Amino acid sequence: MVKIKYFSAYNDFKTGLFCKISFIIGLILLILYAIIKIISFVSDENSSGFVKTIYDFSQNSQSDAIIAFSMLFFALGVILLFFHYQFAKLAKIAEDIENSNDLDETD
């Protein structure tokens, strides 16, 4: 038998924290992508060592996956930010209802 769970109106399921984490990961990936593209723009195929490795990595399609994941994390952050604000509104409505019930009982 399924047990029914009741959630409080004040519970936001840590959407604010996950939103910040998602934005930070997206920003880190965006900075990483920018660094890779800048290094590959400055260097050429005659480079050697670590710079050559970064240049080779930037020339194939795998480096574009970094920007794709960055956009996904930013989109996830926006969705979680929306949910966070909606849970905040729900908590405010619940607080208003609780306060109005307290006032009605005293009359």
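Values quoted throughout were computed directly from the atomic coordinates according to the rules given, and no laboratory measurement underlies them. Treat the numbers as computed from the prediction; the structure is a model and nothing was measured. Neighbour counts run over all protein chains shown; Cβ positions are idealised from the backbone, glycine included.
Data for the structure
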quantity	calculated
Dipole magnitude (debye, nearest 20) for the chain, charges at Cβ of Lys, Arg, Asp, Glu	580 debye
Over the chain, relative contact order from alpha-carbon pairs under 8 Å, at least 6 apart, %	42 percent
Normalised alpha carbon radius of gyration of the chain [divisor 2.2 N^0.38 Å]	1.84
Sites residue 82 and residue 2, calculated FRET efficiency, Cβ-Cβ separation with R0 41 Å, nearest 0.05	0.90
Under the Karplus curve 6.51 cos²θ - 1.76 cosθ + 1.60, θ = phi - 60°, whole-Hz ³J(HN,Hα) for the range 59-74, x wherever Gly or Pro sits	7, 9, 6, 5, 5, 6, 5, 5, 5, 5, 5, 4, 5, 5, 5, 5
